[in-house]
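Single-structure report; data block below.
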Amino acid sequence: MVERATKEVGAVLVVGGGVGGMQASLDLADAGFKVHLIERGPSIGGVMAQLDKTFPTNDCAMCTLAPRLVDVGRHPDIDIRTLAEVTDVSGAAGDFSVTIREQPRYVDIDRCTGCGICIENCPVFNMVYPVPDRLEADLEPVDQARVDDIVDRYRGEHGILMPVLQDINEEYRYLPGEILRYVARKLDVPLSQVFQVATFYNAFSLTPRGKHTVNVCTGTSCHVRGSARILESLEQHLGIGPGETTEDLQFSLETVRCLGCCALSPCVVVGEKTHARLRPDTVAALIGECA
Ligand code: FES
């Protein structure tokens with residue numbers, strides 16, 4: 001398809017700035033098309049940017065991703081729009097009109113270097129997480145002791161921010177804003193850096209999460225074997241959608257692209273346990289096991 005397009009001109013819209021979207025953009029731009037790459041998140045790279053290794057070859061994820069990131073960023077015929085979503089598509093093949101909604105950034109995009117220091121002065125952020133008078137002022141003594149204990153586990157080690165956040169996330173089931181502020185001061189790292197890490201990885205949450213996380217695989221293999229109906233059944237049973245948590249903080253529902261056990265599809269992971277070859281009518285029993 002790409003070879004046939006080499007003599008054509010026009011513009012193409014690629015939706016999704018993951019590794020697939022980036023490669024598609026590069027192929028199309030090299031074939032002569034003007035590409036508009038739309039990404040809902042604040043940056044391109046997708047889930048692969050969060051991985052260390054990739055299944056099944058154990059290749060370094062960043063080694064695969066980084067060259068494409070650079071090529072897409074530098075390509076003169078690729079226009080990247082992040083924090084953007086498609087809201088409407090009309091027209092027919094060869095003559096589409098697409099409406100895109102871009103989220104406000106409140107920064108001058110031409111001058112922004114992505115340093116993140118603006119977060120310290122963001123009025124919205126400071127309204128949500130007010131600056132305390134003293135280091136301990138916004139933490140209960142019990143919380144302060146818990147965080148101090150976690151930090152002490154890694155004291156003296158290099159790059160302890162990540163393991164500290166992982167432990168806090170595990171202990172509280174999310175990353176409370178006042179604790180992140182305390183961690184920033186305690187470790188003497190910029191708050192912007194703490195929030196960059198805290199908001200980059202899907203494993204971290206800034207809102208309270210359920211005791212049990214239900215991950216429904218929506219990868220190709222699970223999809224063709226009915227994962228959509230499994231997800232629908234779970235949504236009905238729990239009364240929440242993907243990315244949400246039940247009011248009693250017992251369950252959080254998530255979707256994931258391929259759990260690496262396609263032979264068992266459709267599958268769902270609850271906590272650490274994988275449940276294979278599920279059917280919509282077995283979902284109730286699955287939830288009942290955890291209750
Ligand atoms: S697609 Fe679901 S485990 Fe691979």
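The values are calculated or read from the model by the stated rules, or taken from the named source; none is laboratory data. Everything quoted here is computed from the prediction, not taken from an experiment. Neighbour counts run over all protein chains shown; Cβ positions are idealised from the backbone, glycine included. Ligands, DNA and RNA are excluded from the accessible area calculation, which covers all protein heavy atoms including side chains. Shrake-Rupley method; radii C 1.70, N 1.55, O 1.52, S 1.80 Å.
Some notes on this structure:
- Tabulated pairs, the range 37-65, first open to solvent by less than 60 Å² (accessible area, probe 1.4 Å), second in a strand (DSSP E or B), C-beta under 6 angstrom, 6+ apart or interchain: Leu37/Val14; Leu37/Ile78; Leu37/Ile80; Ile38/Val15; Ile38/Arg81; Ile38/Ala84; Ala61/Thr54
- The range 28-44: number of residues that are closer than 14 Å to Arg68 by Cα and aromatic (Phe, Trp, Tyr): 0
- Only listed residue being at pLDDT 90 or above and of a type in the set (Val, Ile, Thr), chosen from Thr282, Thr213, Thr199: Thr213
- From the options Leu249, Leu206, Leu231, residue that is open to solvent by less than 40 Å² (accessible area, probe 1.4 Å) and not assigned by TED's automatic domain parsing to the domain that holds Pro176: Leu231
- Matching option when the condition is within 27 Å of Val12 (Cα to Cα), in contact with a helix residue (DSSP H, G or I) (Cβ under 7 Å, 6 or more places away or on another chain) and not acidic (Asp, Glu), among Gly94, Gly45: Gly45
- Top-ranked residue in the range 213-254 [being of a type in the set (Ser, Thr, Tyr) and within 9 Å of the ligand (Cβ to nearest atom); ranked as nearest to Leu278 (Cα to Cα)]: Ser227
- Among the residues of the range 161-191, those that are closer than 25 Å to Gly271 by Cα, part of a loop (DSSP other than H, G, I, E, B) and open to solvent by 20 Å² or more (accessible area, probe 1.4 Å) comprise Arg173, Tyr174.
- The set of residues from the range 66-80 being outside any helix (DSSP H, G or I) and surrounded by fewer than 16 Cβ atoms within 10 Å (Cβ to Cβ) comprises Pro76, Asp79.
- With respect to the stated conditions, Thr282 fails to be in contact with a Pro (Cβ under 9 Å, 6 or more places away or on another chain), among the hydroxyl-bearing types (Ser, Thr, Tyr) and not assigned by TED's automatic domain parsing to the domain that holds Val47.
- Within the range 262-276, being open to solvent by less than 40 Å² (accessible area, probe 1.4 Å), within 16 Å of Gly219 (Cα to Cα) and either among the β-branched types (Val, Ile, Thr) or within 9 Å of the ligand (Cβ to nearest atom) (or both) holds for Ser265, Pro266, Cys267, Val268, Val269.
- Glu254 being acidic (Asp, Glu), in the same structural domain as Ser233 (by TED's automatic domain parsing) and either in contact with a Phe, Trp or Tyr (Cβ under 9 Å, 6 or more places away or on another chain) or part of a strand (DSSP E or B) (or both): yes
- Of the candidates Arg279, Arg257, the single residue that is over 23 Å from the mean Cα position of the chain (by Cα), touching a residue at least 40 places away in the same chain (Cβ under 8 Å) and either away from the ligand (no atom under 16 Å from the Cβ) or more than 30 Å from Glu178 (Cβ to Cβ) (or both) is Arg279.
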